[in-house]
Amino acid sequence: MHKEQLMKLHQFFVYVVKEIMDDNLENTDNECKKLFKIYEMLDIRPHHIHRLKSEQKAAILLLSACVASYLANNMDNVPKNLAKKLEENAFKHLNSCKKNIIILEENENNGESAEKEE
């Protein structure tokens, strides 16, 4: 995919996620909120033409994981592991461009959020 096409796709996913978050804030699951926080921490926006293609791809994958998570919780025919696979692919793209980010992760033991350097 060309960089311009990635930027358009990125913009599309931004609109979709904002619609989901704005219209259904109380129904939006924690996984989607966590993915959107990570996306915001990346500080990669559709209009950032100077960013690497792999960074744009990672942003798109994070947003699509958020959408997939929302759909999996609200529709029966969307597999729940789809969001996890998209999230994993996003981090692979970030690692390929040597981008160090801080990930907010839910601590499974006591539900507190912990910061982890990836």
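Some observations on this one:
- Under the Karplus curve 6.51 cos²θ - 1.76 cosθ + 1.60, θ = phi - 60°, whole-Hz ³J(HN,Hα) for segment 39-54, x wherever Gly or Pro sits: 4, 5, 5, 5, 6, 10, 10, x, 7, 7, 6, 7, 6, 5, 4, 5
- Full-extension gain in nm, residue 85 to residue 37, via 0.36 nm per residue minus C-alpha separation: 15.5 nm
Every number in this text was worked out from the coordinates using simple rules, so none of it is lab data. Quick caveat: nothing in here was measured; it's all calculated off a predicted structure.
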